[in-house]
Amino acid sequence: MRQIYADNSATTKLSPVVLEKMMPYLTEVYGNPSSLYRIGGRAKEAVEAARENIARNLGAKRPSEIYFTSGGSESDNWALKGAAHALRSKGKNHIITSKFEHHAILHTCEALEKEGFEVTYLDVYENGIVHPEDVESAIKDTTAIVSIMYANNEIGTIQPIPEIGEICRRHKVLFHTDAVQAAGYVKINVEEQNIDLLSMTAHKIHGPKGCGLLYVRQGVKLENLIEGGAQERGRRAGTENVAGIVGLDAALQLAVDTMDERCAKLSVLRDRLIDELLKIERSRINGDRVKRLPNNVNMCFEGIEGESLLLKLDLNGVSASSGSACTSGSLDPSHVLLSIGLPHEIAHGSTRMTFSEDTTEEDIDYIAKIVPEIVSYLRGMSPLWEKIKLEERLGK
Amino acid sequence: MVYSEKVMDHFANPRNVGEIENADGIGEVGNSKCGDIMKMYIKVDDDTISDVKFKTFGCGAAIATSSMATELIKGKKIDDALKLTNKAVMEALDGLPPVKVHCSVLAEQAIKAAVSDYYQKKGIDPEPIVGIIPECEEGHCHI
């Protein structure tokens, strides 16, 4: 049976090119970067070379603005808590974010609310995009930080980050963006786009798991994350994940080098699949069709439940993700789909497929062939579908 | 979260899917907002469930528990079918992840709802025999 990995927004396959760059640091160059002898020095050089190259690829002015972390969630937590705590003494106790951020942001906001911070959750409207003017009108004297994701992890919608950055700069408010999904698919330039803090991770772009970064513009006050050493300028102590850092750099470099061609190819595949699946009656694409990541397809099929679709896809060799939260231990449907206004019963029937450079036209054709079959099979045994059809006949 | 092989078997090859024309009893439980609806059809001869079919909108566990529940009551006396607990359905499936336990509760309720409907059609008050079937399991739904 054909095996198709269609869950690249969950994680990606490590690129052989990246692995090759990492290998020396998993084997012979095992020294601690803080040590003075040669293999320590060589590890240190690798970390600093990666920092410099990553800074260049993100459009940062200085390598010292790049802080290595364990990944996106850590970076998001640090950015929000670190900035909020550092600014509290100045009377800044207000945070602006959106309703459909990753839980690394939303749950951190909830934790900060318990500490007494006030949080404004902006609407993302039907197409899943934050309106910059809403950011501007939410800003007040007490606003410490605005955090809006660069691209949504479920529906792939790309946010107007440069516009929001410009507004925040004008109002002298810190601006953080979670670019975990956008990095490697969208041109990021922290200087031009007025970004003060940016989170990203390696494993979404064919790098290793367990390594990410937080870009912190020079001059931004941030509470230290981990005490205990001089690593990361004393703000995030702990012996560096040298191979991971080298892998993060190599993965970002590869993504930047291949971005134009890869995204063009992926957009064609994405659009083809969306067009095919929209032929299924009572189906819908979630999120803006144009302003979305080139590898993201997120659809709802009325009358069926997302997890059974996902399990059926798996039985047919396709690894996808269900937008319904059934798989994550909660029975509520996805907060992202609810945020774009879908009713519960429709939000339950969602599926997300996210592709990579390895995805072929044949893969897309295969998915376009089996999804309608599965949907029709599941609808055949669904009392909800029966009701929908009955209502249709009655002209409701 | 991982399903047992038995759950996956009943999900991939569900038994007794469909409807029964002129069924003697039809029960429907759950709601679309929660993401699970089970509809059960029974045919009754001499107080025995001679045939049973189901239709389910829901996750893998909802489909598997419906399928298993129909297998467990097919050919049984109504009294015995009413004794089927959600625990027995779960055990027959080699367990369910904690978050999916409510699916087995729905399966138990679907049977009771179908039997209630059977008695009602015969003009017998089902409540003393079947009991009250709650609209939605408390704590599992957020309506």
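Things worth noting here:
- Any hit, region A:240-248, residues being assigned to a loop (DSSP other than H, G, I, E, B) and not aliphatic (A, V, I, L, M): yes
- Filter pass, residue A:29 being modelled with pLDDT of 95 or more, of a type in the set (Val, Ile, Thr) and either open to solvent by 10 Å² or more (accessible area, probe 1.4 Å) or at positive phi (or both): no
- Residue match in region B:77-91 (condition: in contact (Cβ under 8 Å) with a residue 12 or more places away in the chain, out of contact with any Leu (no Cβ under 8 Å at 6 or more places or on another chain), open to solvent by 10 Å² or more (accessible area, probe 1.4 Å) and within 13 Å of chain A (Cβ to nearest Cβ)): no
- Annotation note: of B:2, B:44, the sole residue that is part of a strand (DSSP E or B), among the aliphatic types (A, V, I, L, M) and farther than 16 Å from residue B:66 by Cα is B:44.
- Consider region A:330-362 and keep the residues that are within 9 Å of chain B (Cβ to nearest Cβ), open to solvent by 50 Å² or more (accessible area, probe 1.4 Å) and not in a helix (DSSP H, G or I). The one that is modelled with the lowest pLDDT is A:332.
- Screening the candidates B:39, B:33 for the property of being touching a helix residue (DSSP H, G or I) at 6+ places or on another chain (Cβ under 9 Å) and either within 15 Å of residue B:114 (Cα to Cα) or among the aliphatic types (A, V, I, L, M) (or both) yields one hit, B:39.
- Residue within region A:281-299 that is out of contact with any Gly (no Cβ under 7 Å at 6 or more places or on another chain), among the small types (Gly, Ala, Ser) and more than 26 Å from residue A:385 (Cα to Cα) present: no
- Residue that is farthest from the other protein chains (Cβ to nearest Cβ), among those in region B:6-40 that are under 17 Å from residue B:103 (Cα atoms) and open to solvent by 50 Å² or more (accessible area, probe 1.4 Å): B:6
For (1) of a type outside the set (Val, Ile, Thr); (2) under 21 Å from residue A:263 (Cβ atoms), each residue gets a yes or a no:
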{"position": "A:106", "(1), (2)": "yes, no"}
{"position": "A:112", "(1), (2)": "yes, no"}
{"position": "A:120", "(1), (2)": "no, no"}
{"position": "A:136", "(1), (2)": "yes, no"}
{"position": "A:178", "(1), (2)": "yes, yes"}
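- In region A:311-328, residue modelled with the highest pLDDT [restricted to those that are within 7 Å of chain B (Cβ to nearest Cβ) and open to solvent by 50 Å² or more (accessible area, probe 1.4 Å)]: A:315
So that you can scan it fast, the table gives a plain yes or no per residue for (1) closer than 30 Å to residue A:14 by Cα; (2) within 22 Å of the chain's Cα centre (by Cα); (3) not aliphatic (A, V, I, L, M):
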residue	(1), (2), (3)
A:132	no, yes, yes
A:153	yes, yes, yes
A:159	yes, yes, yes
A:167	no, no, no
A:178	yes, yes, yes
A:183	yes, yes, no
A:188	yes, yes, no
A:215	yes, yes, yes
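- Of all residues in region B:41-63, those satisfying the criterion of being open to solvent by less than 20 Å² (accessible area, probe 1.4 Å) and more than 10 Å from chain A (Cβ to nearest Cβ) are B:41, B:42, B:44, B:49, B:52.
- Every residue from region A:120-135 that is outside any helix (DSSP H, G or I), within 16 Å of residue A:148 (Cα to Cα) and open to solvent by 20 Å² or more (accessible area, probe 1.4 Å): A:120, A:121, A:123, A:125, A:127, A:131
The values are calculated or read from the model by the stated rules, or taken from the named source; none is laboratory data. None of these values were measured; they are calculated from a predicted model. Please note: Cβ atoms are built from the backbone with ideal geometry, for glycine as well, and neighbour counts cover all protein chains shown. What goes into the accessible areas is simple: the full protein's heavy atoms, side chains included, and nothing from ligands, DNA or RNA. Shrake-Rupley method; radii C 1.70, N 1.55, O 1.52, S 1.80 Å.
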